[in-house]
Structures are given as C-alpha cells and as structure tokens.
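Data block below; observations after.
Read-outs throughout are calculated quantities, based only on the coordinates presented, and are distinct from any laboratory measurement. Small disclaimer: the values here were computed from a predicted structure and weren't measured.
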Amino acid sequence: MKKTAPEKNEILDGNITQAQLNQWKFKHNKVVKLTIKDDDDTTLFAYFKKPDINIRSAVLQASKMDEFKALEVLFKNCYLGGDGKIEQEDDLRLNITTAFSDHIQPKSVKVEIL
C-alpha cells in the first residue's frame, strides 16, 4: 500500500495546518511541540522554536531581575503557535513555557583533562 503525504491544509493539533508546520520546520529547522491539559481536562498544544544565542541572552538578562519576566521573554520570542487559550491564560502560558525552558536547558558535557 502506498503512503501519501498529509495534505497541506490538513488541520493538526493546536489548530495549525500541515503547511504551517512545514513552513516552521523549514524556517527554524526544528519545532518543539508541547502538550498541556487545562482545568476542563481539554488537551491543548503549543509549538516553539529553539532559542538562538540572542534570545538566550535576553532571557538570561531578564532572569536577573524577574524569573517570570524571563519566561515571558522566552514565550514571546519562541512561541510559534497553537491553541489560543495558552496565550490568553497566564497559568497555562507559565506552565508550558516552564516545561519548554526545562527542555532547552544545556546538556551535560563530559570534560576530560589529558
């Protein structure tokens, strides 16, 4: 049986289209999809791009004054789209951005002195 590619106007999780996801992947190389449940147990989706060094610097600067502000800087600069409720409700935005922040933390490096 032959596999067919999804249609470009197919609606995906978070009410985005396949075409939109393809465009994000082309532009940002990788897209991170996060899932969260709201108070009504409805599953919501958000899509983020990985931050570049300039965004990381802005987040670090903001975190020196206010950690919540730092998360807001991260959200505003990396959020690509998804369910609108995430943008509207502070607790959802805070929780999903915190999870994204945890995901993008630096990886451990093995150092060996020779």
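The H on the amide N of Leu12, modeled in the peptide plane, is under 5 Å from the matching H of Thr17, Gln18, each at least 5 residues off or on a different chain. Of Phe26, Phe48, Phe100, the residue with the greatest mean-square motion in the GNM of the chain, using alpha carbon springs below 10 Å, is Phe26. Pairs spanning more than 24 Å between alpha-carbon atoms, out of Lys33/Lys64; Lys25/Lys69; Lys64/Lys110; Lys49/Lys85: Lys33/Lys64; Lys25/Lys69; Lys64/Lys110.
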